[in-house]
Amino acid sequence: DEDGLTVQNGSTSVDVASARFDGTEDFVIVVHRASPGDDGVVDGPSEIGDKIGSSDVLSGNVSDVSVNLTKNLDEGGNTQLTENQTLIAMVHFANESRPGDRNFDMPIVRSGSPVFDQAEITIAPESPLEGAAGEFDSNGDGDITITELGQAGLAFTNGELTIGELGEIAVEFTS
């Protein structure tokens, strides 16, 4: 299905909501650039472009998988998302014996075609807020919503924010 994801300008990772492989082998999610057809939908492998990132090795059913776009793949690594675009998340067999950042092998296929999904990536507008508050102002409107405050609270719980940074965000929420 076609999904959307909004990321900050310059992001070097994307999150894949979920992936499932019922086989016994490990797998890796590889992100590719795409060139969708006239209908805006990627219909087949000919519309799938360069590999720009890959996840860690995974198995079974997974959710909220971060895919690092700074690996040294087809485009030389350090890909930053700076414009709206279509990306493909494709499931590949894992191969941890390969050197460097290529921890994957051939794509996993179903009915003769690679298993993939596309997402429309939208670059969020720049926020007028500075510091941590600006990072969590996901729509760039200069206001912190309850949802954005909740995301900051989760980031604090995960050790990604200090209590001072969470406080900055809370002050913007109440102003």
## Note on the structure
Taking protein heavy atoms only, a 1.4 Å probe, and rounding to whole percent, the accessible area of the chain owed to carbon and sulfur comes out at 46
### Task
Tabulate in residue order the Karplus-calculated ³J(HN,Hα) for the range 57-62, using 6.51 cos²θ - 1.76 cosθ + 1.60 with θ = phi - 60°, rounded to whole Hz; enter x for Gly and Pro.
5, 10, 8, x, 9, 10
### Task
Give the residue from T24, S111, G142 lying farthest towards the positive end of the charge dipole for the chain; charges sit on Cβ (+1 for Lys and Arg, -1 for Asp and Glu) and the dipole is referred to the Cα centre.
T24
### Task
Based on a Kirkwood Rh over C-alpha pairs, give the Stokes-Einstein translational diffusion coefficient of the chain at 25 °C and viscosity 0.890 mPa s in µm²/s.
140
### Message
To the nearest 20 Debye, how big is the dipole of the chain about its Cα centre, given +1 on the beta carbon of each Lys and Arg and -1 on that of each Asp and Glu?
### Response
680
### Message
Can you compute the helix-only [θ] at 222 nm over the chain? Use -39500 (n - 2.57) per DSSP H run of at least 4 residues, normalise by all residues, nearest 500 deg cm²/dmol.
### Response
-5000 deg cm²/dmol
### Message
For the chain, what does the accessible surface come to per residue with a 1.4 Å probe? Please give it in Å².
### Response
55
## Note on the structure
Taking the convex hull of the alpha-carbon atoms of the range 83-122 and averaging its shadow over every direction gives an area in square nanometres of 3.7
### Task
Compute the long axis of helix 146-157 from its Cα atoms, compare it with the longest principal axis of the Cα atoms of the chain, and write down the angle in degrees, 0 to 90, nearest 10.
70
#### Entry: Listed peptides 46-55, 150-159 by packing density, highest first (mean Cβ within 10 Å)
46-55, 150-159
### Query
Label points 7 Å out from Cα along the Cβ direction at T24 and D38: separation in nm?
4.8
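The values are calculated or read from the model by the stated rules, or taken from the named source; none is laboratory data. Keep in mind it's a predicted model, so treat the numbers as computed, not measured. All Cβ positions, glycine included, derive from the backbone under ideal geometry; neighbour counts span all protein chains shown. Surface areas here come from the heavy atoms of the whole protein model, side chains and all, with no ligands, DNA or RNA. Shrake-Rupley method; radii C 1.70, N 1.55, O 1.52, S 1.80 Å.
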